[in-house]
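Below is one structure; the comments refer to it alone.
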Amino acid sequence: MSRTPPAQAESRARAVWRWLLALAYLAAGVLHLASPAPFVGITPGWVPAPELVIALTGVAELLGAVGLLQPFSRPLRRAAGIGLALYAVCVFPANINHMILDMSSPDPKLGWAYHGPRMLLQPVLVWLALWVSGVIDWPFRKGRAA
């Protein structure tokens, strides 16, 4: 029985997760552009021109997903990963605002079963974008540069 070397298994896992993350961002980007109203509704009040910001976030998601999936340029893939990681950090205030709006209403629509995991998984999305794009190897190859 042959065993897959750890580096090859990691490479395969990274590719699978890169595709899953890219498909999620492709879907989110399409939703931001095709149906912006729900996203505008959770945008914090201090964000200027929320409709434009939502459209630009949709474009950013689409470009990031394409950058992750393109097979031609490793630097472009890494740039897409960094961009999507920064994107996940930048939209976190909207996620917090969404949670506050929903949980403070007399009849929360999504509740803690949705908002709790969403809040906890936001840092994982940042890490995942960096890992699948090859920017970081942590925690799989401690002590080695990426």
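Quick note: the coordinates plus some simple rules give every number you see, no bench work behind them. Since we're looking at a predicted model, the values are computed, not measured. Using ideal geometry, Cβ is built from the backbone for each residue, glycine included, and neighbour counts are taken over all protein chains shown.
Quick notes on this structure:
- Answer residue from the range 34-58, given it is among the β-branched types (Val, Ile, Thr) and in contact with a helix residue (DSSP H, G or I) (Cβ under 7 Å, 6 or more places away or on another chain) and is nearest to Tyr87 (Cα to Cα) among those: Thr57
- Subset tally (residues that are over 21 Å from Ala27 (Cβ atoms), in a helix (DSSP H, G or I) and out of contact with any helix residue (DSSP H, G or I) (no Cβ under 8 Å at 6 or more places or on another chain)) for the range 63-104: 5
- Residue match in the range 111-120 (condition: assigned to a loop (DSSP other than H, G, I, E, B) and surrounded by fewer than 18 Cβ atoms within 10 Å (Cβ to Cβ)): yes
- Every residue from the range 37-60 that is in contact (Cβ under 8 Å) with a residue 24 or more places away in the chain and buried (at least 19 other Cβ atoms within 10 Å of the Cβ): Phe39, Ile42, Thr43, Thr57, Gly58, Ala60
One line per residue, one yes/no per condition, for (1) more than 23 Å from Gly134 (Cβ to Cβ); (2) in contact with a strand residue (DSSP E or B) (Cβ under 6 Å, 6 or more places away or on another chain); (3) hydroxyl-bearing (Ser, Thr, Tyr):
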{"site": "Leu21", "(1), (2), (3)": "no, no, no"}
{"site": "Leu31", "(1), (2), (3)": "yes, no, no"}
{"site": "Pro38", "(1), (2), (3)": "yes, no, no"}
{"site": "Thr43", "(1), (2), (3)": "yes, no, yes"}
{"site": "Val47", "(1), (2), (3)": "yes, no, no"}
{"site": "Ile54", "(1), (2), (3)": "yes, no, no"}
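- Within the span defined as the range 19-36, one or more residues are surrounded by fewer than 20 Cβ atoms within 10 Å (Cβ to Cβ), not acidic (Asp, Glu) and not in a helix (DSSP H, G or I).
- Which listed residue is in contact with a Lys or Arg (Cβ under 7 Å, 6 or more places away or on another chain), in contact (Cβ under 8 Å) with a residue 60 or more places away in the chain and surrounded by 13 or more Cβ atoms within 10 Å (Cβ to Cβ), from Leu68, Leu84: Leu68
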